[in-house]
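The values are calculated or read from the model by the stated rules, or taken from the named source; none is laboratory data. Everything numeric here is computed off the predicted structure, so don't read it as measured data. Because the Cβ atoms are built from the backbone with ideal geometry, glycine has one as well, and the counts that use them run over all protein chains shown. Side chains are part of the model used for accessible areas, which takes the heavy atoms of the whole protein and leaves out ligands, DNA and RNA. Shrake-Rupley method; radii C 1.70, N 1.55, O 1.52, S 1.80 Å.
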Amino acid sequence: MDTQVSNEISMFYGWWQLSVCLFAFLSLMSIWYHIGKKQHDYGPVWLALSVLCWAFSGLTEIVFNNTPIYSNYKDGLTSILSLTNSLFILLALPWFKYLPKPFAALIKSKFWPYIIGIPFAFALFPTLFKMFLVREAHIINELDVVYALLTLIFLGFVLWESFIKRRLLLLGWLALITILVTFLAQIYKLMDNNINLLLFSAIFKTSLIMLFFALALSWVKELTETLIPEPYQLKIRFIKKTPKSNTRANTISLIGFPGDKDRIVQLTPALYRLFKEFAQRKQDMTDGWLEIKPKNFDVSKEYDINDHNELKRLLEAILNGLFGKKNWTKDKHYEPLKTTLFEMSENRERKIRLRIPKDNIHIDY
């Protein structure tokens, strides 16, 4: 291909990469500033910085275009920015809420920065050596490709897990397709065809950026759907199992959570009876209090609740039914749900009752 045409394509690609990736960086940082900053979640920041590396790579393409004498510096800087991009993506992984079981312990471990940092250093030093001490204009750093492939393996599993756990199957498959295209683009770096490499690069970078935004939106969606409603917003229905129905025994329906019309939770018989007792007291009595058995209890008196652990098990069972096991936290879900559902007696009489208005409670007899 004519050298002038090749330079024009490279210049166009450089401006495209600089403008699109810089905009994507600012957009991801804006999402983090408005939402993630309050959650103390810095995963989106690392992903945004990884996209910023691509923006600087586009700037490198523009600055060193039409200057063959500096091609070694151009290729060296591009390789360094590619390595840094992979490093920032790997640094973002510990902040992901959902991690695949084979890698979860490794990614969450205190050794993760060393696990990803040492290979980064081993790949960086040869690049710097070639960049400043070797005069050949053409540089292909195989270590850059190896480090990128390592990143893609971890990223692919984590993206799949994140989308699947949020019930976004189509996005999960799109993530795997994008990882495959990116994998092919990395392999293509080893071939001497600059124009086709630019095409591959434009495709996979655009796809990954869109995936990062889809990931951010799925994160926002989950934050919205896991908000615990106020007592007056929540409606509870105790569903009666009949021989003709497909309803499982000891089932309750919770209405008022964002995103879904209602959520079905199945409890153990004991927890179901306890929760139903709360509801019946609320409907039938003026005060509706249930009393918790004290440590030094009166043997001649019958108590409604044996201990606080019984309430804890009830709340945990409801949360597991709402969000799945290990998909909720104490500060963001357990405590708010406890506050929404129950209130303790102000006189510290070890009495507790349901906070839900009686009109919001329905029991199928």
Can you confirm whether the stretch 322-338 contains a residue that is in contact with a strand residue (DSSP E or B) (Cβ under 8 Å, 6 or more places away or on another chain), of a type outside the set (A, V, I, L, M), surrounded by fewer than 18 Cβ atoms within 10 Å (Cβ to Cβ) and not in a loop (DSSP other than H, G, I, E, B)? no
Do you know which residues across the stretch 235-265 are in contact with a Ser or Thr (Cβ under 9 Å, 6 or more places away or on another chain) and modelled with pLDDT of 90 or more? LYS235, ILE236, ARG237, PHE238, VAL265
Conditions (1) under 25 Å from VAL220 (Cβ atoms); (2) open to solvent by less than 60 Å² (accessible area, probe 1.4 Å); number of the one not met by LEU18: (1)
Subset of the stretch 265-291 [among the basic types (Lys, Arg) and more than 39 Å from the chain's Cα centre (by Cα)]: ARG281
So, in the stretch 339-354, exactly how many residues are buried (at least 17 other Cβ atoms within 10 Å of the Cβ) and not hydroxyl-bearing (Ser, Thr, Tyr)? 7
Of the conditions (1) surrounded by 15 or more Cβ atoms within 10 Å (Cβ to Cβ); (2) under 19 Å from LEU211 (Cβ atoms), PHE23 clears all except one; give me its number. (1)
What pairs come up if the first residue lies in the stretch 155-182 and is free of Cβ contacts under 8 Å to residues at least 60 places away in the same chain and open to solvent by 10 Å² or more (accessible area, probe 1.4 Å), the second is outside any helix (DSSP H, G or I) and among the polar types (S, T, N, Q), and their beta carbons are under 7 Å apart, counting only those six or more places apart or on different chains? none
Based on what the data block shows, is ASN296 assigned to a loop (DSSP other than H, G, I, E, B) and either open to solvent by 60 Å² or more (accessible area, probe 1.4 Å) or under 18 Å from TYR334 (Cβ atoms) (or both)? yes
Just the residues that are of a type outside the set (Phe, Trp, Tyr), in a loop (DSSP other than H, G, I, E, B) and touching a residue at least 40 places away in the same chain (Cβ under 8 Å), please, taken from the stretch 280-292. ASP287, GLY288
In the set LYS338, LYS312, LYS332, LYS326, which member is within 30 Å of THR224 (Cβ to Cβ), in contact with a helix residue (DSSP H, G or I) (Cβ under 8 Å, 6 or more places away or on another chain) and charged (D, E, K, R)? LYS338
Going through the stretch 9-31 in order, the residues found to be among the aromatic types (Phe, Trp, Tyr) and closer than 18 Å to PHE204 by Cβ are PHE12, TYR13, TRP16, PHE23, PHE25
